[in-house]
Amino acid sequence: MNQNVLQTRNITKRYGKIAAVDNVSMAIQKGDIYGLIGRNGAGKTTLMRMITALTFPNDGELELFGQTSEKGLNQSRRRMGSVVETPALYPNLTAKQNLEYYRILRGIPNKKAVYDALEAVNLTDTSNKKFKHFSLGMKQRLGLALALISNPDFIILDEPTNGLDPMGIVEMREMIKTLKNERGITFMVSSHILSELSLIATRYGIIHDGKLIKELTEAELYEQCQRCLSITVDDTTKATTVLETVLNTKKYKVINNNEIRLYDYFDNTSEVTFQLNANGVRVSAIGEIGDNLEDYFVSLIEEVNLSA
Amino acid sequence: MLNIIKADLYRIFRGKTIYITLVILLALLVLQVLYGADGLIFGVMVYTEDASIIDADGALNEIISSNNQIMTGNHVPFSFAAVTDNLIYFMLPFIAIIAAADFSNGAVKNLISSGISRNKYFFAKFILLALFCVILMVIYVILPIILGTVINGFDGEFNIEFIKDVAKIYLPQFFLVFAFVCIGLFISFTFKSVAALNTIYIMFSLLPTIVLAILVEFNDKFFELMNYIPVFAIKSFAIPGSIATSDFVKMMITGCVYIVVCTVGGILLFRKAEIK
């Protein structure tokens, strides 16, 4: 059974007349890496700020580890780590001292927790360097170490790869994957770059103008973004036989009584049409469909803008 | 809450601010013991028993002339009491590192998002500031006595009467210094910036006295308002028995009002505030 770590019900945050987050209902299940995607100013950070109690919703309900009361939410937040906006630590303390401060603050008796957190983000070598002398990439990693120190079940990261070089992005991605796989931590990660999130996320929420316009799983996104030939035929049973026996491919999916999606023969549609016709299948339409991730995201946003 | 206090103490003692502040305070105390506190007394005006006013030519001259005496251990605390208001400036770095710095560098986000209640966070800062206020006051009272005794001898008896006399001056002064610190706490939680704290705190300590000093030039009745200004009230307590009981009560009530309003106001605002 899937267990919800986080659930929001019609959560809304308004600044004056503008709704930064508008009636967002979403759920993050245990073990998810939930990718929250949206353009700059879409409401990603505001949503995360409400979850982390940095701001309060005007309407709606927030449920964290099954708790909805103010006291219960505060208790649940102890099971959570977060880096919202930029990592903020004490600039004149070293990485180790900063983590030691938070270890004492959270009442963690195990002094090794500091070393473990630094090791998890590969910062043991620079643990005696002051935070103010850290590069942005190192700051992001130390922010993640801070989120890890209390051994949380759920971590919220707001654009963790912002400002990182390509190597830094890869490292951050690998760290998130490792933590999810080895420690079973649930993540909520925001970004405005879908292709970047697609490499780690298992579920997605697309937010635009404060509204959650689409939620989809990894498989659904893959399907949406996978290139394929959409073939409309009169008899799908006969058509699949032709695909398997004549064209020697099993890379297809029957969508309904008339449509088949073929994930093969992109460069040879005429051959597909010819063989189907030759074997008694009437092809009424054939064409390539599917977007790349960015196109899919842009088309979704355009769709919403047009319907608004 | 205890964890917040323990963590903050860990952080404070690993920073330079506390050591720089204490070194400056110590240097000032040594200089005062060596050369007298008269050079540091500025614009003192003191009430008499019947609430008539003695200006700088009156009670102040008494202090100044006494300051010209040798600073013995027995004499030092009574002489230094006239400049206890300096402590409100020495508390400023502590207010900044304890309360305002968390907002300026954004570290407060990590605390609130990890499930620490805003009430507990606020009161942890309140207790820490009270603690540092006590520490500073103890240093301010005890150290000069030791220094004065070592350099010039004690010149009298160190007995319960001496301790009572010292306590009579410094306890109300401590109360008013803490009231002023609460104003700093309120500023920190309202404006959420070290720069704003420094500016408003210093303005709040200087401006009312300056404005009233100007107003008094036009009408003596404005002296009544002095009771409500902590900086002035701290100076007023410097000479035991120099202020009327009614004025003493007014000043203490004013201190109470500052503490209650700043604490309640601060926590109410912080509970609803957005944290950037």
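Values as computed for the structure displayed
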{"read-out": "Radius of gyration and Dmax over the Cα atoms of the stretch B:67-150, both given in Å", "value": "18.1, 58"}
{"read-out": "Descending semi-axes in Å of the stretch A:85-151, equivalent ellipsoid built from Cα gyration tensor", "value": "17, 12, 11"}
{"read-out": "DSSP beta bridge pairing in chain A, given as percent antiparallel to the nearest 5", "value": "65 percent"}
{"read-out": "The stretch B:169-220: C-alpha gyration tensor shape, a/c 1.5 cut-off, then a/b vs b/c", "value": "oblate"}
{"read-out": "Inter-label distance, nm, simple model (7 Å from Cα along the C-beta direction), A:E85/A:L306", "value": "3.7 nm"}
{"read-out": "Volume of the Cα convex hull of the stretch A:227-289, divided per residue and given in Å³", "value": "67 Å³"}
{"read-out": "Order by protection proxy (mean Cβ within 10 Å, highest first), peptides A:297-307, B:77-87", "value": "B:77-87, A:297-307"}
{"read-out": "Residues whose placed amide H lies under 5 Å from that of A:F154, excluding near-sequence neighbours", "value": "A:G81, A:T186"}
{"read-out": "Where labels lie 7 Å past Cα in the beta-carbon direction, separation of B:I163 and B:A213 in nm", "value": "3.8 nm"}
{"read-out": "Whole-Hz couplings from phi, Karplus 6.51/-1.76/1.60, listed for the stretch A:90-96; x for Gly and Pro", "value": "6, x, 8, 9, 6, 4, 5"}
{"read-out": "Residues A:S82, A:S198 arranged by fewest to most Cβ contacts within 10 Å", "value": "A:S198, A:S82"}
{"read-out": "Ranked A:R203, A:R78, A:R49, A:R106, criterion: other C-beta atoms within 10 Å, fewest first", "value": "A:R78, A:R106, A:R203, A:R49"}
{"read-out": "Student exercise, chain B dipole from Lys, Arg, Asp, Glu Cβ charges, in Debye to nearest 20", "value": "1940 debye"}
{"read-out": "Residue-by-residue Karplus 3J(HN,Hα) for the stretch A:211-217, coefficients 6.51, -1.76, 1.60, Hz, glycine and proline x", "value": "9, 7, 8, 7, 10, 8, 8"}
{"read-out": "Loop-exposed GluC sites (Glu not before Pro) per DSSP, neighbour cap 14 Cβ within 10 angstrom, longest uninterrupted part of chain B", "value": "B:158-273"}
{"read-out": "Amide H within-cut-off set for B:S193, under 5 Å, with H built and near neighbours excluded", "value": "none"}
{"read-out": "Rounded, prolate or oblate (a/c below 1.5 giving rounded, otherwise prolate when a/b exceeds b/c) for the protein assembly as shown by Cα gyration tensor", "value": "prolate"}
{"read-out": "Unit Cα scatterers, Debye sum, chain A: log10 I(q)/I(0) for q = 0.08, 0.11, 0.16 Å⁻¹", "value": "-0.47, -0.76, -1.23"}
{"read-out": "Principal axes of chain B: Cα extent on each, largest first, Å", "value": "57, 47, 30"}
{"read-out": "Folded to 0 to 90 degrees: helix A:166-183 orientation relative to chain A principal axis, Cα", "value": "90 degrees"}
{"read-out": "Estimated FRET transfer efficiency when R0 is 25 angstrom, pair B:I202-B:V23 (beta carbons, to 0.05)", "value": "0.75"}
{"read-out": "Stretchable slack from A:R183 to A:N279, in nm (0.36 nm times residue separation minus alpha-carbon distance)", "value": "29.2 nm"}
{"read-out": "Inter-site label distance for A:S270 and A:Q3 at 7 Å from Cα along Cβ, in nm", "value": "6.0 nm"}
{"read-out": "Additional length obtainable on full extension of the chain from A:K251 to A:N122, 0.36 nm per residue less Cα span", "value": "42.3 nm"}
{"read-out": "Residue pairs, from the table A:K13/B:K16; A:K214/A:K250; A:K17/B:K6, whose Cα atoms sit over 32 Å apart", "value": "A:K13/B:K16; A:K17/B:K6"}
{"read-out": "Averaged over A:45-55, number of beta-carbon atoms from partner chains that fall within 10 Å", "value": "3"}
{"read-out": "Between 0 and 90°, nearest 10: helix A:293-307 axis offset from chain A longest Cα axis", "value": "90 degrees"}
{"read-out": "Hydrodynamic radius (Kirkwood) for the stretch A:2-156, which is based on Cα pairs only, to one decimal in Å", "value": "16.7 Å"}
{"read-out": "Helix-only CD estimate at 222 nm, as mean residue ellipticity for chain A, using -39500 (n - 2.57) per DSSP H run (n ≥ 4)", "value": "-11000 deg cm²/dmol"}
{"read-out": "Span-like helix ranges in chain B, DSSP H, alpha carbon extent 20 angstrom or more, Kyte mean at least 0.0", "value": "B:17-35, B:118-152, B:160-191, B:194-218, B:245-272"}
{"read-out": "Residues with amide H under 5 Å from that of A:N58, placed H, sequence gap 5 or more", "value": "A:T12, A:K13, A:R14"}
{"read-out": "Cα gyration tensor shape of the stretch B:75-222, rounded if a/c is under 1.5, else prolate or oblate by comparing a/b with b/c", "value": "oblate"}
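Laboratory data are not the source of any read-out in this text; all were calculated from the coordinates shown. None of the values given here were measured: they were computed from a predicted structure. Neighbour counts run over all protein chains shown; Cβ positions are idealised from the backbone, glycine included.
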